[in-house]
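Reading through the structure tokens given below for one structure.
The values are calculated or read from the model by the stated rules, or taken from the named source; none is laboratory data. Keep in mind that this is a model prediction, so the values were computed, not measured. Glycine also receives a Cβ, built like all others from the backbone with ideal geometry; neighbour counts cover every protein chain displayed.
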Amino acid sequence: MPYVIFAIVVVVFIFLIGMRIVRPTSRGLVETLGKYTKYAEPGFHWIFPGIQRLFLVNVTEQMFNADPQVIITNDNLNATVDAQVYFRVKPDEESVKSSVYNVNNYKYQIVNLARTTLRNIIGTMTLKSANSERGRINSDLHHTLLEETAKWGIDIVRTELKEIDPPKDVQETMNKVVKAENEKVAAVDFATAAETTADGVKRAEIKKAEGIKQAKILAAEGEAQAIRLVNEAANMYFIGNAQLLRKLQATETALKSNAKIVVPGNAQLINVIGDMAGANILPIDKPKA
């Protein structure tokens, strides 16, 4: 009876120490006596203690810092460069096996590969172009890492260039240049705005002058129209009476000056003059022959 209990305890103990749980964030590789024998999906697994081993591999996206390093640019300036690499192990069996059996330590090697690639890329660029072409640097770094890690079962998700810091004195000079360029742009914008305002005032004055000119033209046309109508009325109502009108004008002028005048014996003109002087003038009969 004690032997049975002992055997049960041993079996339970072996069962418990052989239990393995694989989480959804991982995949497992089971080796038996040093040889790969089984791919472990998420869930419960049991291995024979001492004979089998289970190696877990994280298949979630991971981020590693390519530690800051000083790189000499093409224009012989020292720039401190830092970048980040985002990657993950592909969850299929062959990729998981490759990440374990094809590369010794993929995390360490990816970081160093990224540092080396950055030196090769930025070393061919000037400091100014490196700062302005970060997208190109990220793209070239990502492409190179994808090619180099193709046999490692690794998927390079993305790469991010964190910073490119020039030496302090160079940074101060660059800041002064940027400030001068900004002031130049502001001055050009101010001059353009002033020119636009002046042009608007000029157009307004031109419009105003054109309006005055048009008003004068319309006034002149109105006066001309009035004169034309008067002339037409005169021609219509005073045809044949021009001589009489002239005599009336002369008589009016003489009366204003208290001059003595000789009035011809024209009955119509005499009556008109009488009306103007406020007197009644009687016609004189001519003596009979």
Practice prompt. From (1) surrounded by fewer than 20 Cβ atoms within 10 Å (Cβ to Cβ); (2) assigned to a helix (DSSP H, G or I); (3) among the hydroxyl-bearing types (Ser, Thr, Tyr); (4) under 37 Å from the mean Cα position of the chain (by Cα), pick out the condition that doesn't hold for Thr117.
Written response: (1)
Discussion item. Going through Ile8, Ile110 one at a time, which residue ends up being at pLDDT below 90 and either among the basic types (Lys, Arg) or at negative phi (or both)?
Written reply: Ile8
Worksheet, complete the sentence: Flagged in the stretch 126-149 as within 28 Å of the chain's Cα centre (by Cα) and not hydroxyl-bearing (Ser, Thr, Tyr), in numbering order, are Leu127, Lys128, Ala130, Asn131, Glu133, Arg134, Gly135, Arg136, Ile137, Asn138, Asp140
Worksheet item: From the residues in the stretch 76-114 that are of a type in the set (A, V, I, L, M, F, W, C) and assigned to a strand (DSSP E or B), which one is farthest from Lys151 (Cα to Cα)?
Response: Ala79
Worksheet item: Within the stretch 120-138, which residues are part of a helix (DSSP H, G or I) and not charged (D, E, K, R)?
Response: Asn120, Ile121, Ile122, Leu127, Ser129, Ala130, Asn131, Ser132, Gly135, Ile137, Asn138
Worksheet item: Mind checking which residues of the stretch 52-82 are modelled with pLDDT under 90 and of a type in the set (A, V, I, L, M, F, W, C)?
Response: Phe64, Ala66, Val70, Ile71, Ile72, Leu77, Ala79, Val81
Worksheet, complete the sentence: Within the stretch 37-72, the count of residues that are within 19 Å of Ser98 (Cβ to Cβ) and in contact with a helix residue (DSSP H, G or I) (Cβ under 8 Å, 6 or more places away or on another chain) comes to 6
